[in-house]
Amino acid sequence: MIVKHPELIDALQISKLANDLKLNNINGANTGFLIYPLDENGYKTRINSSFFYITKDNSKINGFLMAYDSNTLNNYLQNKLLSHEDGIMDFLITQTENYVFGDQIGIDPKAKRNNIGTLMMTELTKDMKFKNISTMYVAILHKPVKNLTSIAFCSKKGFKEICEVTNKDNTTWGIYKLNIN
Ligand SMILES: CC(C)(COP(=O)(O)OP(=O)(O)OC[C@H]1O[C@@H](n2cnc3c(N)ncnc32)[C@H](O)[C@@H]1OP(=O)(O)O)[C@@H](O)C(=O)NCCC(=O)NCCS
């Protein structure tokens, strides 16, 4: 079941799920991972202002997708809510068209490969079409470890790699772009 009403989304559960998926908590990279998970407040701040979707198994959140349109992203930057991703942001702020940046997606390892990520992406692209936004960017870690799971997932959705950028923390990221018809 997909939920997108902000008042029904529990930021603490999302923070726990995201932190469980942090690279340092996962031995080996073959299952996918997050690099910059947020705390409860970080997610709370974003739930109201972004494209935010969760999936639930009974009352337990087992997946989330968090994305922002370009105006919201600029707001976050002005308010210093995106602190580590400078190389990625330098790329995004030079884009002139209206776009959505897919910041984080995370699925409970027990629920992976069950189409949950796909369902949330489908919902997001529907909402983008409704708002007349046809471009989406994501950044996927390339170094020190390549997030091959995320690359496989995004490639299946039609994303194409367009360049690589490096953040101040020395991580290197592929920027991937999707055009929605
Ligand atoms: C990447 C991720 C979101 C995929 O979610 P998911 O719900 O398991 O993906 P889906 O079941 O919708 O898979 C759709 C397609 O993506 C590809 N895919 C997904 N996981 C894959 C894997 N581990 N290996 C290879 N291809 C994979 C497949 O083509 C799959 O289609 P198929 O199952 O019919 O072959 C999930 O693995 C995850 O949360 N990873 C940890 C966090 C992360 O890395 N997030 C991205 C960085 S922000």
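Derivation of every value follows stated rules applied to the coordinates shown; laboratory data play no part. Because the structure is predicted, anything quoted here is derived from the model rather than measured. Cβ placement follows ideal geometry from the backbone for every residue including glycine, while neighbour counts extend to all protein chains displayed.
At-a-glance table
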{"item": "Whole-angstrom gap from the stretch 139-174 to the stretch 9-87, using each part's C-alpha centre", "result": "17 Å"}
{"item": "Gained length - residue 166 relative to residue 86, 0.36 nm times residue gap less alpha-carbon distance", "result": "28.0 nm"}
{"item": "Distance histogram for the stretch 2-179 (every C-alpha pair counted, 10 angstrom bins, percent rounded to whole numbers)", "result": "9, 40, 41, 9, 0"}
{"item": "FRET efficiency estimate (nearest 0.05) - Cβ-Cβ, residue 79 to residue 59, R0 35 angstrom", "result": "0.65"}
{"item": "Positive-end residue of 130, 163, 175, charge dipole of the stretch 22-181 with Cβ unit charges", "result": "130"}
{"item": "Fraction of beta bridges assigned by DSSP in the chain that are antiparallel (%, nearest 5)", "result": "90 percent"}
{"item": "MRE, 222 nm, helices only [DSSP H, n ≥ 4, -39500 (n - 2.57), over the chain, to nearest 500]", "result": "-9500 deg cm²/dmol"}
{"item": "Cross-link pairs 44/160; 22/56; 112/146; 126/146; 60/80; 110/156 - those with Cα-Cα distance over 26 Å", "result": "44/160; 126/146; 60/80"}
{"item": "Amide N of the stretch 76-112 lying under 16 Å from the label point, which is placed 7 angstrom from the Cα of residue 31 along Cα→Cβ", "result": "106-112"}
{"item": "Farthest positive-ward along the stretch 75-117 dipole, Cα basis, beta-carbon charges - from 96, 114, 78", "result": "114"}
{"item": "Along each principal axis, Cα extent of the stretch 82-181, largest first, Å", "result": "36, 33, 23"}
{"item": "Rel. contact order, % - alpha carbon contacts under 8 angstrom, at least six apart, the stretch 32-177", "result": "24 percent"}
{"item": "Eligible lysines near residue 131 by straight Cα distance, threshold 19 Å, same-chain separation 8 or greater", "result": "4, 177"}
{"item": "Span-like helix ranges in the chain, DSSP H, alpha carbon extent 30 angstrom or more, Kyte mean at least 0.5", "result": "none"}
{"item": "Using θ = phi - 60° and Karplus 6.51 cos²θ - 1.76 cosθ + 1.60, couplings along the stretch 83-100 (whole Hz; Gly, Pro as x)", "result": "9, 9, 8, 4, x, 5, 5, 4, 5, 5, 6, 8, 7, 8, 7, 6, 9, 10"}
